[in-house]
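The values are calculated or read from the model by the stated rules, or taken from the named source; none is laboratory data. Fair warning: this is a prediction, and the values are worked out from it, not measured in the lab. Here the Cβ is made from the backbone with ideal geometry for all residues, glycine too, and neighbour counts use every protein chain on show.
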Amino acid sequence: MKSLLRFFSHIPNLLAMAIIVLYVLVAIAAPRLAPPQDPENPAPFKVATVDTATSRHIPLPPQSGLPLGTTPGRLDVFYTLIWGTRSALRFGLTVALATACVGIAIGAVSAYIGGPVNRFTLRITDAFLTFPVLAGAAMFRLVLYPVDQQASITPLQGLLTSLGMDPVMLTLILFSWMPYVRIVNAEIAKLKQVAYVQAARSIGAGHLRLILRHLLPNAISSAIVLVGRDIGSMVILQAAFTFIGVGEGSPWGYLLAVGRDWIIGPSASLVQYWWVYLPVTLALIFFGIGWNLLADGLNSALNPRKPHQRLW
Amino acid sequence: MSPMLKFIIRRLLAVPITLLVITVVLYGIVMLAPIEARVSLYEPRGGRSRNPEALRQYIIREYGLNDPYPVQYARWAFRLLQGDWGWSPLLRADVLDALVVRTPATVELTLYSTLLLVPLGLASGVVAGWRTGRSVDYGFRLIAFIGTSIPPFVLGLMLLGIFYVGLHWFPPGRIDISDSFVVTSPAFNHVTGLLTIDGLLNGRLDISLNAFRHLVLPAITLSLAHWATLGRVTRTAIIEERTKEYITAARGRGLPKQAVIWRHALRNAMIPGLNSTALSAASLIMGVFVVEIVFGFPGISELATLSWAYTPDAAAAMGFAIYSVLLVLPLMFILDIIQAIVDPRIREGIAEQ
């Protein structure tokens with residue numbers, strides 16, 4: 001309770017919570033803020049049905065009914081911004097929690113066993129660290145590749161689709177668990193020698209109980225900080241992948257990709273067509289800042305003895 | 001054997017293990033793909049077949065695509081070692097050739113970004129850490145915060161919007177079109193493949209300068225986030241070093257402050273920073289790919305976008321994935337070596353690393 005009070009007495013932490021709560025509220029209220037055409041099955045994009053003489057390729061400025069105008073191709077910026085929040089939160093939480101679970105489990109079990117097994121695990125972890133995540137996306141695209149036009153899918157594809165997995169998600173999960181292993185491993189290797197663990201073992205505590213009850217709770221704080229940071233950075237990565245065309249699924253990234261020619265193309269102007277990039281960019285940046293600040297606050301709250309390493 | 005040599009050999013021995021792990025995982029992913037997609041890993045060289053179904057059956061039989069995983073993996077890995085990385089129907093080229101041709105551009109971008117970010121990151125971390133609480137420190141922390149908050153691809157877009165569309169200072173791409181004719185002409189000697197250096201070697205200063213102009217924005221975009229991280233780690237380290245006794249002793253003996261900072265404190269403070277940069281070498285290379293695409297820089301990332309856009313081209317996707325690890329490894333190796341040179345514990349073989 002006291003530590004909670006202390007946590008909320010830091011202004012950056014309050015700011016972080018405010019930003020995150022705002023995003024969550026927007027995500028919850030999405031159907032009210034931006035009513036979808038099909039409430040049962042809301043699409044992340046809406047094509048504005050304004051009838052103007054201008055070409056479809058010229059972005060429409062903000063006007064009544066279109067608070068933030070459209071991108072080229074008449075995509076409603078405000079609508080995508082709102083529904084993109086939902087998708088961003090879902091993606092960030094799924095990927096960060098899944099990677100954390102994988103990493104913590106591997107790290108804890110292998111550190112608990114120790115010896116050559118642990119050395120082997122750490123060697124594999126180091127090998128994974130050399131892999132640039134981006135390179136995995138196209139590989140997983142193959143896994144989800146539709147067999148033929150009649151859309152017969154393999155059981156694996158069925159499973160992955162029903163879990164809501166897309167190739168970028170799978171890549172990020174498979175290739176970013178390594179920091180968790182390293183963190184948890186180092187902590188548990190230290191804790192194993194501490195007297196209370198030895199005591200628990202001597203009175204006959206089982207392996208699972210030792211790991212879950214005595215080791216993990218004390219080894220997990222740095223991993224929790226990393227989860228906070230990852231939620232933001234995974235969403236930003238997804239947007240970057242979508243923008244450069246190695247992935248899909250980030251509505252925010254897609255908006256920027258569609259608007260690209262009006263940001264850096266021949267007739268682009270950062271001032272004239274600000275609505276094409278500015279709202280989405282700010283949404284992305286503040287999403288990252290919110291989770292980063294939160295992770296920072298958690299870091300000083302959970303690891304008080306670690307050197308003071310505030311972001312700001 | 002000197003400890004340093006031992007260190008280098010141990011690092012080099014880790015390379016085959018790393019490659020083994022990565023290829024086993026990648027081929028494992030290919031094995032999960034439906035066989036229709038998997039066939040594209042063994043596409044025959046040359047044109048399209050008039051009868052794709054028959055070709056597919058032929059490939060499945062010829063390359064034993066229904067064999068158990070270890071057999072298939074071993075067969076495929078053997079081909080890989082012989083330099084046969086498969087044929088990409090998309091690029092209409094050998095995957096390995098396509099990658100090698102595009103490598104210099106990627107290497108050039110990585111090289112200049114690293115040369116920019118490592119010294120700057122270390123220096124700014126030291127300056128900020130030595131003067132905590134002063135305006136320099138606040139300035140550094142503010143810029144570092146902004147640097148890590150802006151996603152690189154967004155930063156790249158903004159820089160292009162301002163400095164290319166608005167001011168016409170720095171264009172995208174690798175070289176101006178007029179100069180690209182010079183570069184592709186047979187008279188131009190490609191010694192290193194890096195245009196900035198080859199321009200000088202060919203006595204064409206203008207080519208070098210032009211290539212530099214094209215490198216400015218991508219290098220800044222790429223460096224900013226990693227610079228900020230490196231600077232922060234160094235700052236924390238120098239704050240810790242500052243209070244140690246050897247610093248007080250050196251100052252007490254009358255050594256000038258600047259000498260103490262840059263000759264003694266920095267040496268110890270740069271180790272954690274270099275270590276974290278080496279560990280994030282993969283994310284640096286990934287940043288290179290993203291920046292290449294944003295700036296239209298013709299590096300190897302082209303294979304990533306193409307193999308995503310036109311599936312199935314397993315050979316291109318797989319080739320790109322393996323090759324990008326081959327780019328990360330040397331970068332990591334160099335940063336590790338620098339760290340080892342600086343760190344007396346590794347240099348003298350005291351630490352059990």
Report summary line: In region A:25-49, residues that are loosely packed, with under 13 Cβ neighbours inside 10 Å and either at positive phi or not in a loop (DSSP other than H, G, I, E, B) (or both) total 2
Requested in this report: Within region A:150-185, work out how many residues are within 14 Å of another protein chain (Cβ to nearest Cβ), loosely packed, with under 15 Cβ neighbours inside 10 Å and in a helix (DSSP H, G or I).
Outcome: 5
Query - Boolean, A:G245 is surrounded by fewer than 23 Cβ atoms within 10 Å (Cβ to Cβ), at positive phi, free of Cβ contacts under 8 Å to residues at least 40 places away in the same chain and under 23 Å from the mean Cα position of the chain (by Cα) - result: yes
**Report entry** Single residue of B:S283, B:S324 found to be crowded, with 24+ Cβ neighbours inside 10 Å, among the polar types (S, T, N, Q) and either within 8 Å of chain A (Cβ to nearest Cβ) or in a loop (DSSP other than H, G, I, E, B) (or both)
**Finding:** B:S324
Query raised in the report: Within region A:196-208, is there a residue that is outside any helix (DSSP H, G or I), within 22 Å of A:A88 (Cβ to Cβ) and not aliphatic (A, V, I, L, M)?
Result: no
Query raised in the report: Does region A:244-272 hold any residues that are more than 10 Å from chain B (Cβ to nearest Cβ) and outside any helix (DSSP H, G or I), and which are they?
Result: A:G249, A:S250, A:Q272
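Listed here are the residues, each with its yes/no results for (1) modelled with pLDDT of 90 or more; (2) in contact with a His (Cβ under 8 Å, 6 or more places away or on another chain); (3) part of a helix (DSSP H, G or I); (4) within 12 Å of chain A (Cβ to nearest Cβ).
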| site | (1), (2), (3), (4) |
| --- | --- |
| B:Y112 | yes, no, yes, no |
| B:P119 | yes, no, yes, no |
| B:T132 | no, no, no, yes |
| B:G147 | no, no, yes, yes |
Query - 3 or more residues basic (K, R) and in contact (Cβ under 8 Å) with a residue 12 or more places away in the chain: qualifying helices (runs of 4 or more DSSP H) within region B:188-262 - result: B:205-242
Query - Members of region A:34-83 that are closer than 13 Å to A:G259 by Cα, modelled with pLDDT of 75 or more and among the charged types (D, E, K, R) - result: A:R74, A:D76
Report task. Considering only region B:111-145, state which residues are without any contact (Cβ under 8 Å) to a residue 60 or more places away in the chain and β-branched (V, I, T). Result -> B:V127, B:V136
Query raised in the report: Does region B:5-14 include one or more residues that are surrounded by 14 or more Cβ atoms within 10 Å (Cβ to Cβ), within 14 Å of chain A (Cβ to nearest Cβ), at pLDDT 85 or above and farther than 30 Å from B:T221 by Cα?
Result: yes
Report task. Determine which member of the set A:R86, A:R123, A:R119 is under 16 Å from the mean Cα position of the chain (by Cα) and at pLDDT 80 or above. Result -> A:R86
Query raised in the report: Considering region B:1-52 alone, what residues qualify as being farther than 30 Å from A:T125 by Cβ and of a type in the set (D, E, K, R)?
Result: B:E36, B:E43, B:R45, B:R48, B:R50
Query raised in the report: So, of the residues in region B:20-39 that are touching a residue at least 24 places away in the same chain (Cβ under 8 Å) and within 8 Å of chain A (Cβ to nearest Cβ), which turns out to be nearest to the chain's Cα centre (by Cα)?
Result: B:I22
**Report entry** B:F140, sole failed condition from (1) at the interface with another protein chain (Cβ under 10 Å from one of its Cβ atoms); (2) farther than 25 Å from A:F241 by Cβ; (3) of a type outside the set (G, A, S)
**Finding:** (1)
Report task. For region A:114-125, indicate whether the set of residues that are away from every other protein chain (no Cβ under 12 Å), on the phi > 0 side of the Ramachandran plot and not in a helix (DSSP H, G or I) is non-empty. Result -> yes
Requested in this report: Could you tell me whether region B:63-83 includes any residue that is crowded, with 18+ Cβ neighbours inside 10 Å and touching a strand residue (DSSP E or B) at 6+ places or on another chain (Cβ under 7 Å)?
Outcome: no
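The rows are residues; the columns are (1) at pLDDT below 80; (2) in contact with a helix residue (DSSP H, G or I) (Cβ under 8 Å, 6 or more places away or on another chain); (3) closer than 19 Å to B:V291 by Cβ.
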| site | (1), (2), (3) |
| --- | --- |
| A:L216 | no, yes, no |
| A:I220 | no, yes, no |
| A:A223 | no, yes, no |
| A:G228 | no, yes, no |
| A:G245 | no, yes, yes |
| A:E248 | no, yes, no |
| A:V258 | no, no, no |
Query - Residue check for B:R174: more than 14 Å from chain A (Cβ to nearest Cβ), of a type in the set (D, E, K, R) and part of a loop (DSSP other than H, G, I, E, B) - result: yes
Query raised in the report: Taking region A:5-29 on its own, how many of its residues are touching a Phe, Trp or Tyr at 6+ places or on another chain (Cβ under 8 Å) and under 18 Å from A:L282 (Cα atoms)?
Result: 5
Requested in this report: For region A:290-312, indicate whether the set of residues that are closer than 24 Å to B:L217 by Cα, facing chain B (nearest Cβ under 8 Å) and either touching an Asp or Glu at 6+ places or on another chain (Cβ under 6 Å) or of a type in the set (A, V, I, L, M, F, W, C) (or both) is non-empty.
Outcome: no
